[in-house]
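First comes the structure, then the notes that go with it.
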Amino acid sequence: MDWAFTTETFLSLVSAIPLTLQLAATSIALGAILALGLALARLSGILVLDWFARFYVFVFRGTPLLVQIFLIYYGLGQFPAVRHSLLWPLLREPYWCAVLALTLNTAAYASEIIRGGLLSVPHGQVEAAKACGMPQLMLFRRIVMPLAIRQALPAYGNEMISMVKATSLASIITLMEVTGVAAKIISETYRAIEVFIVAGTIYLAINFLLTRLIQLLEYRLSPHLRAPPPSVPAASAATAIEGDAS
């Protein structure tokens, strides 16, 4: 290991971290919104929406993300209707093509996670809220969704970590995120081991921090699972009161 070269490589790759985080955060946020819509479509009881969501999940979970990126980046430009549409200024940019592919892909996986979380909400709590006269929207916002998030968060955390790693595929469409910069350095120096070790360490550090944030959120959302603080014995409490009185 050439530590001078490793340090120089690390400094070069650090400059690409903001783009990696931006890709991951944007695709996860947009994918969560789309995933919620797909999950609600599956649970709506409307046959057309249900089958559309099933087909969407089947296609995007059954095909590689790399193929989806290629189809969006290279394929959409072949259609004149796309080139003359209002979306073309965005779709001709590699960044937005990568965001679109990552968003559509993560929405397929996250929709099943969210659907499982919604189905795990105890029916008794829903019935109790209805008996209290709670409107449907308020019931969903204050009862169903918080419980579903708490149940789905561990699995959704895994999907978020997968999306951070999936941003490395954006380098194949000329985006200079961490993997893209690493590939550029390798093409100039032919020193793949040091470069990929540094790149892998950066991804490991990002996912380590993300894992800790998810664990902290799980801790905040599950106070009922923690042991209550030890109570003061009655005798000790009475002794303390008598001491204060004297």
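The values are calculated or read from the model by the stated rules, or taken from the named source; none is laboratory data. Just so it is clear, the model here is predicted, and its values are computed rather than measured. Every residue, glycine among them, receives a Cβ derived from its backbone with ideal geometry; neighbour counts consider all protein chains shown. All accessible areas refer to the heavy atoms of the entire protein, side chains included, with ligands and DNA or RNA removed. Shrake-Rupley method; radii C 1.70, N 1.55, O 1.52, S 1.80 Å.
Details
- Fully extended contour minus Cα-Cα distance, from residue 49 to residue 10, at 0.36 nm per residue: 9.3 nm
- Solvent-accessible surface of the stretch 1-121, averaged per residue with a 1.4 angstrom probe and all protein chains in place: 56 square angstrom.
- The magnitude of the dipole of the chain, with charges of +1 and -1 set on the Cβ of Lys/Arg and Asp/Glu and taken from the Cα centre, is near 740 debye.
- If you take the Cα centroid of the stretch 5-72 and the Cα centroid of the stretch 101-142, the two points sit 20 Å apart.
- Farthest toward positive dipole pole in the chain [+1 Lys/Arg, -1 Asp/Glu at C-beta], among 137, 160, 60: 137
- Selected from 138, 163, 176 as most flexible by GNM, with the chain as the system and alpha-carbon contacts under 10 Å: 138
- The spread of Cα positions in the stretch 3-63, taken along each principal axis and listed from longest to shortest, comes to 62, 21, 11 Å.
- Highest mobility in the GNM of the chain, judged by mean-square fluctuation with C-alpha springs under 10 Å and restricted to 129, 24, 152, is found for 129.
- Computed from Cα positions, the angle between helix 17-43 and the longest principal axis of the chain comes to roughly 60 degrees.
- Between residue 25 and residue 79, residue separation times 0.36 nm minus the direct Cα-Cα distance comes to 16.5 nm.
- Sequence of 112, 93 when ordered by accessible area, the most exposed leading, probe 1.4 angstrom: 93, 112
- Label selected from [x] 1.31; [y] 1.14; [z] 1.00, the criterion being Rg/Rh (Cα atoms, Kirkwood Rh) as computed here: [y]
- Carbon plus sulfur fraction of accessible area for the stretch 111-205, probe 1.4 Å, in percent: 66 percent
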